[in-house]
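Asker: A single structure is presented below for examination.
The values are calculated or read from the model by the stated rules, or taken from the named source; none is laboratory data. Values in this document were obtained by computation on a predicted structure and should not be read as measured data. Glycine gets a Cβ as well: all are built from the backbone with ideal geometry, and neighbour counts include every protein chain shown.
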Amino acid sequence: MRAIDFEQAADPAAALRLIQQPHTKFIGGGTNLLDLMKGDVEQPLRLVDINHIGLDRIVELPNGGLRIGALARNSDTANHPLVRSRYPLLTQALLAGASPQLRNMATIGGNLLQRTRCPYFMDTAFAMCNKRAPGSGCGAREGVNRMHAILGASSACIAVNPSDMNVALAALDAVVQVSGPKGERSIPIGDFHRLPGTMPQVDTILQPTELITAVDLPPSGFSRHTHYLKVRERNSYAFALVSAAAALDMDGNVVRQARIALGGVAHKPWRVPAAEALLAGQPLDDARSAQAARMLLDGAQAFKDNGYKIRLAERAVVRALREAHETTGGRA
Ligand code: SF4
């Protein structure tokens, strides 16, 4: 058994001071970190509790957008009246993730940092996992890879990002607010998560000594026409095989602007601007949606067990766009 130091930070400045010590991790809801610690995948020597540093509020921004504090709980965020009415896509994605009990504990900042559920990563009995033990190899490439990536994978890692929320945030062009020893910075969500490349152990561009303080949503939440479609093996509680977040800004029957993000297919939420541009200025129909879906999936590479994901993702995009089109009004 290992002893772990535990400290409670009183405010963000104290949290930043405490995280500068080596082998230290922040803990908020702990829904992912504690699982990983129990399995010896994560082995911090010190935990800094950040639940009481005042970053759990959801407030309107002067530009009409919304700022969601990093410690806001998933359930509180999903059910917040402004999120439900202006950003129903986010509500839908949050409610599609985990169980009610987990959503009551999990935080927005922690959700951003969720680690992959690749079984070779989660179980230290497997020797080969470049994400857990850099240089050891990738057990999934030649092993069981039914849940793994079809886009953006590398020879070092074919894992997927497990978060539903991240897919909606990608479609909404969210911005992650971060504080660190060098000051504050704003990171567009599309830049926040990494593809695995040769360093699959690094999931995001967040530095270990930085603190996520908030997620900002821009004024346009595509409040009238959105849909989050999650395809999974059981409805009660499962990670996505594939998910599609669709958001449309309509001018009558014509698409003014479209956003599509895919989940369950890559190390980060997957967007292709050209696929969205294809829909702009045109009436929406399934044939055009299918064309956009093929552009999103361009370059997809299947492994032994996950070839089904390519067709499934294409169909998910078409259906999510159709559902978004047929939806009228902020709701979730
Ligand atoms: Fe590890 Fe990534 Fe390979 Fe899974 S896919 S075994 S996380 S290196």
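Asker: Here is a list: Gly29, Gly64. Which entry is surrounded by 14 or more Cβ atoms within 10 Å (Cβ to Cβ) and either in contact (Cβ under 8 Å) with a residue 60 or more places away in the chain or under 22 Å from Pro162 (Cα atoms) (or both)?
Answerer: Numbers: Gly64 fails: surrounded by 14 or more Cβ atoms within 10 Å (Cβ to Cβ).
The match here is Gly29.
Asker: Please go through the range 136-151 and give me each residue that is among the small types (Gly, Ala, Ser) and more than 7 Å from the ligand (Cβ to nearest atom), ordered by number.
Answerer: If we filter the range 136-151 for residues that are among the small types (Gly, Ala, Ser), which is where we start, we get 136-137, 139-140, 143, 149.
Hits for the range 136-151 are Ser136, Gly137, Gly143, Ala149.
Residue-by-condition table, conditions (1) assigned to a strand (DSSP E or B); (2) outside the structural domain of Ala275 (by TED's automatic domain parsing):
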{"position": "Thr213", "(1), (2)": "yes, yes"}
{"position": "Ser220", "(1), (2)": "no, yes"}
{"position": "Lys230", "(1), (2)": "yes, no"}
{"position": "Ser236", "(1), (2)": "no, no"}
{"position": "Ala246", "(1), (2)": "yes, no"}
{"position": "Asp249", "(1), (2)": "yes, no"}
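Asker: Quick one: in the range 276-318, of everything that is among the β-branched types (Val, Ile, Thr) and in contact (Cβ under 8 Å) with a residue 60 or more places away in the chain, which residue is surrounded by the fewest Cβ atoms within 10 Å (Cβ to Cβ)?
Answerer: Step one: filter the range 276-318 for residues among the β-branched types (Val, Ile, Thr), giving 310, 317-318.
Within this subset, residues satisfying the condition of being in contact (Cβ under 8 Å) with a residue 60 or more places away in the chain are 310, 317.
Values: Ile310: 18, Val317: 27.
Among those residues, the one meeting the criterion is Ile310.
Asker: Could you look through the range 117-135, keep only residues that are near the ligand (Cβ under 8 Å from one of its atoms) and not basic (Lys, Arg), and pick out the one that is nearest to Gly263 (Cα to Cα)? Please lay out each step first, then the result.
Answerer: From the range 117-135, those near the ligand (Cβ under 8 Å from one of its atoms) are 118-121, 126, 128-132; that's our starting set.
Subsequent filtering for residues that are not basic (Lys, Arg) retains 118-121, 126, 128-130.
Values: Cys118: 15, Pro119: 18, Tyr120: 20, Phe121: 19, Phe126: 26, Met128: 25, Cys129: 22, Asn130: 22 Å.
Among those that are near the ligand (Cβ under 8 Å from one of its atoms) and not basic (Lys, Arg), it is Cys118.
Asker: Okay, moving on. Return the residues of the range 6-42 that are outside any loop (DSSP other than H, G, I, E, B) and within 16 Å of Leu113 (Cβ to Cβ); say none if nothing qualifies.
Answerer: First, the residues of the range 6-42 that are outside any loop (DSSP other than H, G, I, E, B): 6-8, 12-19, 24-27, 33-38.
Of everything in the range 6-42, those that are outside any loop (DSSP other than H, G, I, E, B) and within 16 Å of Leu113 (Cβ to Cβ) turn out to be Ala15, Ile19, Thr24, Lys25, Phe26, Ile27, Leu33, Leu34, Asp35, Leu36, Met37.
Asker: Wholly within the range 43-90, which strands (runs of 3 or more DSSP E) include no fewer than the required count, namely at least 1 residues that are more than 18 Å from Ile19 (Cβ to Cβ)?
Answerer: On the way: elements: 46-49, 58-60, 66-69.
The qualifying strands (runs of 3 or more DSSP E) are 58-60, 66-69.
Asker: More than 10 Å from the ligand (Cβ to nearest atom), in contact with a Gly (Cβ under 9 Å, 6 or more places away or on another chain) and of a type in the set (Asp, Glu): is that true of Asp173 in this structure? Let's see the steps before the verdict.
Answerer: Details: more than 10 Å from the ligand (Cβ to nearest atom): yes; in contact with a Gly (Cβ under 9 Å, 6 or more places away or on another chain): yes; of a type in the set (Asp, Glu): yes.
Spelling it out, Asp173 is indeed more than 10 Å from the ligand (Cβ to nearest atom), in contact with a Gly (Cβ under 9 Å, 6 or more places away or on another chain) and of a type in the set (Asp, Glu).
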